[in-house]
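Please read the structure below before turning to the comments.
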Amino acid sequence: MRSKIVAGNWKMNKSYQEGLQLFSEIETLLAKQPSSNAKAIVIPSFIFMADFAKQAKNVAVGAQNCASEQSGAYTGEVSALMLKSVGAEYVIVGHSERRSYYAETNAVLAKKTEQALQNSMTPIFCIGETLEQRNSNKHLDIIKQQLSEGVFHLSAEQFKKTVLAYEPVWAIGTGVTATSAQAQEIHAFIRKTIKEKYNEEIAESCSILYGGSCNAQNAKELFACPDVDGGLIGGASLKAEDFVKIIHSF
Ligand code: 13P
C-alpha cells in the first residue's frame, strides 16, 4: 500500500519562540493520540529545523527548499547536504510560490530534486496549474510538462523515492479548495502519466498529496479519494489542533 502523508508547510511564518510552541503542541497532541495511518511531517523555516529535528518524536522534519548546486560560492543558499546533516528527511521542491516569485524553472527544479535524492532525502515535488491555465483547458498539459521536465529525468529507482504534491495555484491560500472530484481527476491523471513513463508498479506505489486550502473540515473527503494519498497543508498547519485533526483524517 502507498504511504499516507500529511505535511505542514509553515511557509515564512512564526518567530522561533512561536514556532517552538506550535511544534511542542503538535508533538504533545500526537503523543496522546498517535497517528497510526499517516506519516506526519513538519516543514518550518530552515533556521528552526535543526532544533526541531532534535526534539521530534512523532513527526519527521522537512525543508521548504534546497539549493540546486552541491556546494561552493552560492551566497545565501542552503544545500541539501546541510539540510540532511541537521535532520531533514524531506524537501519541498517546486512549490508554486518558488516558481512564481523566485522564477524557479522546471530545469532548476530537476537539479534540486536530484540534490535531495543524492543526500538521502525525499523530495516532495509540487505541480499544479493556475486558474488561467485551467480556464483555457491547458491544465493537463501543464501538469504533464512539469512532471516530464521536473522529475521524469530520474531513474526508476530514484523516482520510487519521490513524493508528488498536486497544488492547484488557484486553491493555495484562497479558501477555494479543489472539489474531491477535481482532485481525484488530476491525481488519477498524474498516476496514469507516471505509468506511461515508468510502469504500473511504480505508478501505484507513488504517494500523491493534495494541497490548496485543505483544512480540518474538508480533509476527510479529499483523503477518501482513491488517488489522494495525503495533504500538503499551508494555513491550517499553523494551528496544532487543526493540523493534528487533518493527520487523523486518515
Ligand atoms: P494553504 O493550505 O494555505 O492553501 O497552502 C497550501 C500550500 O501551499 C501548501 O504547500
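No other residue among Phe189, Phe125 is surrounded by 21 or more Cβ atoms within 10 Å (Cβ to Cβ), at pLDDT 95 or above and among the hydrophobic types (A, V, I, L, M, F, W, C) apart from Phe125. Considering the conditions (1) in contact with a Cys (Cβ under 8 Å, 6 or more places away or on another chain); (2) in contact (Cβ under 8 Å) with a residue 60 or more places away in the chain, Leu30 is excluded by exactly one of them, (1). Could you list all residues from region 1-31 that are in contact with a Phe, Trp or Tyr (Cβ under 9 Å, 6 or more places away or on another chain) and among the hydroxyl-bearing types (Ser, Thr, Tyr)? Selection gives Tyr16 alone. A single entry from Ile47, Ile5 fulfils the requirement of being in contact with a strand residue (DSSP E or B) (Cβ under 7 Å, 6 or more places away or on another chain) and either β-branched (Val, Ile, Thr) or open to solvent by 30 Å² or more (accessible area, probe 1.4 Å) (or both): Ile5.
Once region 41-59 is narrowed to residues that are assigned to a loop (DSSP other than H, G, I, E, B) and not small (Gly, Ala, Ser), the residue that is farthest from Ala236 (Cα to Cα) is Lys57.
Quick check: is even one residue across region 62-79 more than 18 Å from Ser237 (Cα to Cα), at pLDDT 95 or above, open to solvent by 70 Å² or more (accessible area, probe 1.4 Å) and part of a helix (DSSP H, G or I)? No - not one qualifying residue is present in region 62-79. Filtering region 203-235 to residues that are closer than 23 Å to Lys192 by Cβ, outside any loop (DSSP other than H, G, I, E, B), out of contact with any Asp or Glu (no Cβ under 7 Å at 6 or more places or on another chain) and more than 11 Å from the ligand (Cβ to nearest atom) leaves Ala203, Glu204, Ser205, Glu221, Leu222, Phe223, Gly230.
Pick out the one residue from Ala107, Ala63, Ala40 that is among the small types (Gly, Ala, Ser) and over 18 Å from the mean Cα position of the chain (by Cα).
Details: Ala63 fails: over 18 Å from the mean Cα position of the chain (by Cα); Ala40 fails: over 18 Å from the mean Cα position of the chain (by Cα).
Ala107 is the lone residue from the list that is among the small types (Gly, Ala, Ser) and over 18 Å from the mean Cα position of the chain (by Cα).
Across region 83-96, which residue is farthest from Gly230 (Cα to Cα) among those that are open to solvent by 50 Å² or more (accessible area, probe 1.4 Å) and in a helix (DSSP H, G or I)?
Restricting attention to region 83-96, the residues satisfying the condition of being open to solvent by 50 Å² or more (accessible area, probe 1.4 Å) are 84-86, 89.
Narrowing the set further to residues that are in a helix (DSSP H, G or I) leaves 84-85.
Numbers: Lys84: 23, Ser85: 27 Å.
Per the stated criteria, the residue is Ser85.
Within region 144-177, the only residue that satisfies the criterion of being more than 23 Å from Glu196 (Cβ to Cβ) and open to solvent by less than 10 Å² (accessible area, probe 1.4 Å) is Ala171.
What are the residues in region 14-40 that are open to solvent by less than 40 Å² (accessible area, probe 1.4 Å) and not in a helix (DSSP H, G or I), if any?
Restricting attention to region 14-40, the residues satisfying the condition of being open to solvent by less than 40 Å² (accessible area, probe 1.4 Å) are 19, 22-23, 26-27, 30, 35, 38, 40.
Within region 14-40, Ser35, Ala38, Ala40 qualify.
Thr174 fulfils the conditions (1) polar (S, T, N, Q); (2) assigned to a helix (DSSP H, G or I); (3) under 24 Å from Gln217 (Cα atoms) except for a single criterion, (2).
The values are calculated or read from the model by the stated rules, or taken from the named source; none is laboratory data. Keep in mind that what you see is a predicted model, and the values were worked out from it rather than measured. Neighbour counts run over all protein chains shown; Cβ positions are idealised from the backbone, glycine included. Protein only, heavy atoms only, side chains kept; ligands, DNA and RNA dropped before computing areas. Shrake-Rupley method; radii C 1.70, N 1.55, O 1.52, S 1.80 Å.
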